[in-house]
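Since the structure comes first, as structure tokens, the remarks are kept for the end.
The values are calculated or read from the model by the stated rules, or taken from the named source; none is laboratory data. Just so it is clear, the model here is predicted, and its values are computed rather than measured. Here the Cβ positions follow ideal geometry from the backbone for every residue, glycine too, while neighbour counts run over all protein chains shown.
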Protein chains: 2
Amino acid sequence: MESSTHYWETLIRLAEQAALRNEVPISAILVHDNTIIAMGHNTVETHNDPTLHAEMLVLKEGFSKLGKHLSDCDLYVSLEPCPMCAHAIKLSQIRRLYFGAYDPKGGGVEHGPRLLHNLNRIEIFGGFYETEFNKQLQTFFSNLRKT
Amino acid sequence: MESSTHYWETLIRLAEQAALRNEVPISAILVHDNTIIAMGHNTVETHNDPTLHAEMLVLKEGFSKLGKHLSDCDLYVSLEPCPMCAHAIKLSQIRRLYFGAYDPKGGGVEHGPRLLHNLNRIEIFGGFYETEFNKQLQTFFSNLRKT
């Protein structure tokens, strides 16, 4: 059984890898039966596809492994999901969403349209390792501005 | 140059094909320089992936052909896009969205979170061939209930 500390440390490492590849450092992990079954980061720049957010990638890997309902799965994400990912999360029927930093500007879960509110089915927990994840994002965008 | 009548007739035909494959009859077409560069329908059941909406499929084909900004493209969809697709449409930076039937329950453009409102960048036109598209959906779900 993997601990949630292990998940968050893995997310930090995955986001670091993203930044090294000039991808915005956002990462996601899909957990089933206490085991990671999919993990990844944003690959928008690599594939020139603005929909390739980390959440979409791990959900899709989950669907290919377990079918179209991931009701026994938990999703861990470094940043509050955007509205596209929030609705994909709703469609996936995952059990629990855990996310790191809040995203007041682009988030769609606790901000903006709050797409997962009033759904009894999914439990939502935010604010994990917020300082670390925010620092990764700030460093990335501050380096971008310097180049 | 293709006419918009041709696009709507193609969308009706694509949605019919979807229904024959036991997919919810929803279709999409991506147009660039007055030419269809991507078209398709919902393939959720075929691939066991609830995010494989028609809009996502044609946008992704568009990204692979033209890169991550589709600012010279117009998107035609048989039904008002859901919040996931609406936000993907926003990310794609397409120029115009034309859709058929309104979706008061599941839509995310003119209903629900209205995700594309207050964006100056994208023009939105809805209600085309509404009777036809609604009839396709009603027939599909009525047949489902009989089986």
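A few points about this structure:
- Residues in the stretch B:21-44 that are more than 14 Å from chain A (Cβ to nearest Cβ), surrounded by fewer than 21 Cβ atoms within 10 Å (Cβ to Cβ) and assigned to a loop (DSSP other than H, G, I, E, B): 3 in all.
- Test: residue A:15 is more than 14 Å from chain B (Cβ to nearest Cβ) and either under 11 Å from the mean Cα position of the chain (by Cα) or surrounded by fewer than 20 Cβ atoms within 10 Å (Cβ to Cβ) (or both): yes
- Sole residue being farther than 19 Å from residue B:60 by Cα, of a type outside the set (D, E, K, R) and under 13 Å from the mean Cα position of the chain (by Cα), chosen from A:54, A:28, A:88: A:28
- Some residue of the stretch A:108-120 being within 15 Å of the chain's Cα centre (by Cα) and closer than 23 Å to residue A:20 by Cα: no
- Residue ranges of helices (runs of 4 or more DSSP H) in the stretch B:45-147 with at least 2 members surrounded by 15 or more Cβ atoms within 10 Å (Cβ to Cβ) and within 14 Å of another protein chain (Cβ to nearest Cβ): B:54-66, B:83-92
- Within the stretch A:113-147, the set of residues being modelled with pLDDT of 95 or more and on the phi > 0 side of the Ramachandran plot comprises A:114, A:127, A:129.
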